[in-house]
Each structure stands twice: as structure tokens, then as C-alpha cells.
1. Can you find, within the range 53-85, the residue that is least open to solvent (accessible area, probe 1.4 Å) among those that are within 30 Å of GLN276 (Cα to Cα) and among the charged types (D, E, K, R)?
2. Is there a residue in the range 72-82 that is in a loop (DSSP other than H, G, I, E, B), closer than 21 Å to PHE300 by Cα and in contact with a Gly (Cβ under 9 Å, 6 or more places away or on another chain)?
3. Would you check which residues across the range 86-103 are closer than 9 Å to ALA60 by Cβ, crowded, with 19+ Cβ neighbours inside 10 Å and not basic (Lys, Arg) and list them?
4. Only one residue in ALA309, ALA270 is buried (at least 24 other Cβ atoms within 10 Å of the Cβ), at pLDDT 95 or above and over 26 Å from LEU171 (Cβ atoms). Which one?
5. For GLY50, work out the one condition from (1) on the phi > 0 side of the Ramachandran plot; (2) buried (at least 20 other Cβ atoms within 10 Å of the Cβ); (3) not β-branched (Val, Ile, Thr) it doesn't fulfil.
6. If a residue must be of a type outside the set (A, V, I, L, M) and more than 23 Å from the chain's Cα centre (by Cα), how many such residues does the range 1-55 contain?
7. Among the residues of the range 1-32, which ones are closer than 27 Å to ASP114 by Cα and part of a strand (DSSP E or B)?
Amino acid sequence: MTFVICPNLALDHVLAADCLRLGGLTRCRMLRSQAGGKGANVLRATLALGGDGALVGFTAGRVGQVIDELARDEGLAFTTVSTEGEARVSTVVLTDDGGVTRLFERGPAVTPADEERLLALAARRASAPREWAVVTGAAPPGASPGFYAGLVRAARAGGHRVLVDAEGEQLTGALSARPDLVKVNLAEACTAVDGAAADCPDEKRAEPEALVAEGLELCRRLVAAGAAEAALTLGPAGAVAMLGGDVWHVTTPAVRAVNPVGSGDCFAAALVLSLQRGDDTAAALRLAAAAGAANAASPFTGDVDPALARELAAAARARRRAARSA
């Protein structure tokens, strides 16, 4: 079972429109409303791929009640800690020209007492052999700099191996707790080990080999900063990793990307699930990359068609890189 810890849950809306009219009226149609946030995406993808999981996180207010209800209706195992304020809404607008616009609220502030309640909840869940915990998502406002480091320690106290997917000071703090694995994208890695995300290459414009080289360098820095292993997604260029004692680059056949939001979460879900099942490193990376690509091919977030994921995984390539390339 994958144990997902997501402090900043959301109500996710996916809308469609012919175009966005900034400063004017855009009429949209609702495609889906669901319990959301990165943790919900991880849990949803885990279930789609045949795994099992449970999630803990914060919710607040009437929107929080809706999140809980939608999760229950979908069959997602949520245990939430209620805080003051109102849970956030995350909206993705898909337009006919292929544009993907994200409108993400910040969410309610949390207090030290809220943090302690979630830390206690995380620490109480005991792990079975080989099980992983995934600490994921942007921190809610008010979170202390060491909050995610505490979550790593709490999950490990329960016997879990721990993957972290975070950014900024929370990722920096989590690295000090020495997680078993960090899975981030290029921009997120830059916020913790390369100064600023603005200095990172643009995934949409940079040459694939340049992205691979930069990604491997950032993996090395993440490991030097405290992660036992690291994986870094690169959009269309695939992903790189320092995993299983080797340096890797994994790619899948190209898909028509409709909505890439949540693809990194699906990558993390599949990678952890595959490792829990005892798959070898190459197979785990192929499934992870395939799950991310399958999500991008869907209009929804955290949405993996298992048949498509299996097809893409079978055709994916996971290649070892020379250590000097890292």
C-alpha cells in the first residue's frame, strides 16, 4: 500500500473553452470536478494501476467537505485534518488551441498545532514490508520551514521508505531529513539546489540532450544535499534518475499532450508502486514514464488509462548513462 501525505489538498476543476479572453468574458464548460491536489493525483493513479493506497492531509471549510465527499464517492481512502479557513480550488482551463491555463488558489493558512496533528497522524500509520510513503505537494501558507522534514521523519518512524515531491524551502528542509527518494521536475529542483527556477532551461524550448544533462546534474545535487536517490521529470524529454546504483534516462513514445497537469504525480505513483512490487529499476522507470505520458494524453488530472500505460511502458526505453554524464 502507498501511504500518501498531502498537506495542501484542493477541489480540482477542469474546464474547456474555445479561447481565453483576458479582461473579458470566457464561457467554459465543466469537464470534471474532483478531490484534488498532488496527493489525490498520486492516490488516483496508484489505484488505476492496480495498487492500493491511503491519503492524509488538511481540509478546511465547506470546500473541504466537498473534497471529502468527492473522495468518498470515488472510493479514495482519505483521512483529513480540519483547519480554519476554506480549502483551495485549483482550476485548469483547456482551450481549443491546445492551451493549458492553471489557476491555483493558495489555500488556508495552517498553524503549528495543525502541523502537530498531521505529523501525529502520519506517524501512527505503520508500514508493511516494502511499503512507501509519498510526501507531496506545495506547502500550505503558514507552514514552518521544517514541516516536510518532520513529515519525512514521521513516515519513516512508521517503517515507510519515503519519496518527497516538493519545492523551495520545504524541499530543502526535507533533504535534511535524508529521504529515500526525491521525485521533482526541473523547475522544482532548481528552487532547492540551483538558486531559482527562473534559471532552469525551458522544457518546451531547450534541446532534449541539454535538458538531460541539466537534469542529471540536478539529480546529483539532490543526492549530495541529502536524498538517497533522485528522479527528475523533463516533460517531452522524458526523465532522468540516479536510482538503483545507476544513472538513467527514460523516454516513451510521443503522445498528443492534452493536459499535462498531474503527470509528475502519476510518474511518482507508478515508480513507487513498481518498486513496492519488486520490479527492477528499468521496469519501474518505464512504467513511471508511461504513467506520466498517459496522464498527459487525457484531459483530466491524475488520470491514467492502465491499458495505455501498459502499451507505453512496453515501448519505453530506459537507458543507463555513463556516470560521468551525471
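1. Looking only at the range 53-85, we keep the residues that are within 30 Å of GLN276 (Cα to Cα), and these are 53-59, 67-81.
Still in the list and also among the charged types (D, E, K, R): 68-69, 72-74.
Numbers: ASP68: 45, GLU69: 86, ARG72: 156, ASP73: 125, GLU74: 82 Å².
Only one residue fits best here, namely ASP68.
2. So the first thing to find is which residues in the range 72-82 are in a loop (DSSP other than H, G, I, E, B), and the list is 75-77.
Pick out the ones that are also closer than 21 Å to PHE300 by Cα and you get 75-77.
Keeping just the survivors that are in contact with a Gly (Cβ under 9 Å, 6 or more places away or on another chain) gives 76-77.
Yes, the range 72-82 contains a residue that is in a loop (DSSP other than H, G, I, E, B), closer than 21 Å to PHE300 by Cα and in contact with a Gly (Cβ under 9 Å, 6 or more places away or on another chain).
3. Residue satisfying the conditions is ALA87 alone.
4. Details: ALA270 fails: over 26 Å from LEU171 (Cβ atoms).
Only one candidate passes the filter, namely ALA309.
5. That leaves (2) as the condition not met.
6. Residues of the range 1-55 that are of a type outside the set (A, V, I, L, M), as a first pass: 2-3, 6-8, 12-13, 18-19, 21, 23-24, 26-29, 32-34, 36-39, 41, 44, 46, 50-53.
Right, trim to more than 23 Å from the chain's Cα centre (by Cα) and you get 18-19, 21, 23-24, 26-29.
Going through the range 1-55 one residue at a time, the tally reaches 9.
7. The first filter runs over the range 1-32 and keeps only residues closer than 27 Å to ASP114 by Cα, leaving 1-13.
The answer is THR2, PHE3, VAL4, ILE5, CYS6, PRO7, ASN8, ALA10, LEU11, ASP12, HIS13.
Here is a yes/no grid of residues against (1) of a type outside the set (Val, Ile, Thr); (2) in contact with an Asp or Glu (Cβ under 7 Å, 6 or more places away or on another chain); (3) over 21 Å from ALA288 (Cβ atoms):
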| position | (1), (2), (3) |
| --- | --- |
| ALA126 | yes, no, yes |
| GLY146 | yes, no, yes |
| ALA149 | yes, no, yes |
| LEU186 | yes, yes, no |
| CYS219 | yes, no, no |
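The values are calculated or read from the model by the stated rules, or taken from the named source; none is laboratory data. Computed from a prediction, not measured in an experiment: that's the story for all the values here. Using ideal geometry, Cβ is built from the backbone for each residue, glycine included, and neighbour counts are taken over all protein chains shown. Note: areas computed on protein heavy atoms with side chains; ligands, DNA, RNA excluded. Shrake-Rupley method; radii C 1.70, N 1.55, O 1.52, S 1.80 Å.
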